[in-house]
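Take a look at the structure set out below.
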Amino acid sequence: MEEATGAGTETGAGEAGAGAGPGGGLDSGLLRKRVVGFLREHVLPCEDVLDAGGPKADTVLRGVQEQARREGLWAVPLPVELGGQGLDLARYAAYAEAEGASDHGPAALGSAPLLDVLMLRRHGTPRVREEWLPRVVAGDLRTCYAMTEPGVPGTDPVATTTRADLRPDGSWRLTGRKWFTSGAAGADLVTVLARTDGASPDRDGLSLFVVPTTAPGFRVVRELPVLGASGAGGQWEIAFEGVRVPGDGLVGERGAALTVAGERLQLGRTLRCLRWLGQAQRAFDLMAARAVTRTGSRGPLASHQLVQAHVFESLLALRTARPLVHEAVALLAAGADAHVEVGLAKVAAARTLQQVVDAAIQVHGAAGLGPDTALPALLRTGRAARILDGPDELHITSVARRVLRGYA
């Protein structure tokens, strides 16, 4: 795919909230530049293969991951005691934006399982922590997280119909179906939300379980192409058909799923925002490079006022969204309440990605619609971003209600 080579002056603009690198031994700017260079050299040239999935994609990804290890960029934000480098959230933010320029960046650099690792380290049983977590951090096991169900609004988890029934021997029998589970077809472990007690709308009867995908009764039903496109790390529908889960597969306390899930929710949304900023920046760089290199009978595109308007509006969107996202990062890193800031950041980052990619496609013309740039894939991500992790409408109403309560 065609990529911008100049990386623009905007590429380094998102370093608020970053500090020293892994172990405190790297300058944040240097670390970010290393990540940008790593993606450009090792990940972006392989995107077509990685998008296609299959054995070839697995082989290529393993090779890229080995290169990340050799360059000291593997598992940077993951806990040190499990084999990561322990970079804290405040310092990870700029790194996350840079690695997020490609959907495959987090997997290539070993950051992808961060949310699952933090959840299972805190709430998993000793067997899960000792047997599986080091292998997840090492990249030997891949994880996914299954909450959303067909016919059940993803914003209403109390309506979950997947059930886990306690057996006399202390194990659980898990039955149900989930969909839009990212990366499920290639995962080794899945954390699944199920009802163990009561009925909807009871919030205290939901529990989480971690299940090996090799367990009898686990089945990948089908891939769910997003806006018509498939992808190796895409969305999947999965089924649990009487899966037996040992008692120590319970994550956290019985009935406490929403508490455990809530701990990861704000961080997960913020990480997505950072990665969406990275992808918006990538689209901006492509647009700017196209504007200055494409020349027609009326001169370079960059001399046209309407093209300049696309550049201006895209830059304005990026410069407006980025501080909102990093404000959310700073509050989360400080352990403060960030519900309003995360809601603002999520809507702003998703809108920015969609807006900037759309402008970049317009500047590219027909070339922006075809397979020679990353823009079609980025456009699909931008549109999906306004639904994933809660639709815009959810965040708009939630933030407004919280703000208005302060005026009551």
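Yes or no: Gly343 under 30 Å from Val210 (Cα atoms), of a type outside the set (Phe, Trp, Tyr) and modelled with pLDDT of 95 or more?
Values: under 30 Å from Val210 (Cα atoms): yes; of a type outside the set (Phe, Trp, Tyr): yes; modelled with pLDDT of 95 or more: yes.
Yes, satisfied.
Using the structure shown, decide if Val311 is in contact with a Cys (Cβ under 6 Å, 6 or more places away or on another chain), closer than 20 Å to Ala101 by Cβ and assigned to a helix (DSSP H, G or I).
Working: in contact with a Cys (Cβ under 6 Å, 6 or more places away or on another chain): no; closer than 20 Å to Ala101 by Cβ: yes; assigned to a helix (DSSP H, G or I): yes.
It is false that Val311 is in contact with a Cys (Cβ under 6 Å, 6 or more places away or on another chain), closer than 20 Å to Ala101 by Cβ and assigned to a helix (DSSP H, G or I).
Could you give every pair whose Cβ atoms fall below 6 Å, whose first residue belongs to region 374-396 and is touching a residue at least 60 places away in the same chain (Cβ under 8 Å), and whose second residue is among the basic types (Lys, Arg), counting only separations of at least 6 or pairs across chains?
Pairs that qualify, where the first residue is touching a residue at least 60 places away in the same chain (Cβ under 8 Å) and the partner is among the basic types (Lys, Arg), are Asp389/Arg269; Asp389/Arg272.
Select from region 150-178 the residues that are of a type outside the set (Ser, Thr, Tyr), out of contact with any Phe, Trp or Tyr (no Cβ under 6 Å at 6 or more places or on another chain) and crowded, with 21+ Cβ neighbours inside 10 Å and list them in ascending order.
Matches in region 150-178: Trp172, Lys178.
Can you tell me which condition Gly24 does not meet? The list is (1) at pLDDT 90 or above; (2) surrounded by fewer than 18 Cβ atoms within 10 Å (Cβ to Cβ), and all the others hold.
Of everything listed in (1) at pLDDT 90 or above; (2) surrounded by fewer than 18 Cβ atoms within 10 Å (Cβ to Cβ), Gly24 misses just condition (1).
Just one of the numbered conditions (1) charged (D, E, K, R); (2) within 26 Å of Ala384 (Cβ to Cβ); (3) out of contact with any His (no Cβ under 7 Å at 6 or more places or on another chain) is not true of Lys346; which one?
Evaluating Lys346 over (1) charged (D, E, K, R); (2) within 26 Å of Ala384 (Cβ to Cβ); (3) out of contact with any His (no Cβ under 7 Å at 6 or more places or on another chain) leaves (3) as the failure.
Out of Ala256, Ala229, Ala261, Ala199, I need the residue that is in contact (Cβ under 8 Å) with a residue 40 or more places away in the chain, surrounded by fewer than 20 Cβ atoms within 10 Å (Cβ to Cβ) and over 21 Å from Arg127 (Cβ atoms). Which one? It would help to see each step written out before you state the result.
On the way: Ala256 fails: over 21 Å from Arg127 (Cβ atoms); Ala261 fails: surrounded by fewer than 20 Cβ atoms within 10 Å (Cβ to Cβ); Ala199 fails: in contact (Cβ under 8 Å) with a residue 40 or more places away in the chain.
Every option except Ala229 fails the conditions.
So Gly299 clears everything in (1) surrounded by fewer than 17 Cβ atoms within 10 Å (Cβ to Cβ); (2) modelled with pLDDT of 95 or more; (3) at positive phi except one condition, right? Which one?
Unmet for Gly299, out of (1) surrounded by fewer than 17 Cβ atoms within 10 Å (Cβ to Cβ); (2) modelled with pLDDT of 95 or more; (3) at positive phi: (2).
Which ones in region 139-148 are of a type in the set (Ser, Thr, Tyr) and assigned to a strand (DSSP E or B)? Before you say what the answer is, go through the steps one by one.
Of all residues in region 139-148, those of a type in the set (Ser, Thr, Tyr) come to 143, 145, 148.
Selection gives Thr143, Tyr145.
The conditions are (1) at pLDDT below 90; (2) among the hydrophobic types (A, V, I, L, M, F, W, C); (3) part of a helix (DSSP H, G or I), and Leu39 fails exactly one of them. Which is it?
(1)
The values are calculated or read from the model by the stated rules, or taken from the named source; none is laboratory data. Everything quoted here is computed from the prediction, not taken from an experiment. Counting neighbours? That spans all protein chains shown, and the Cβs are built from the backbone with ideal geometry, glycine included.
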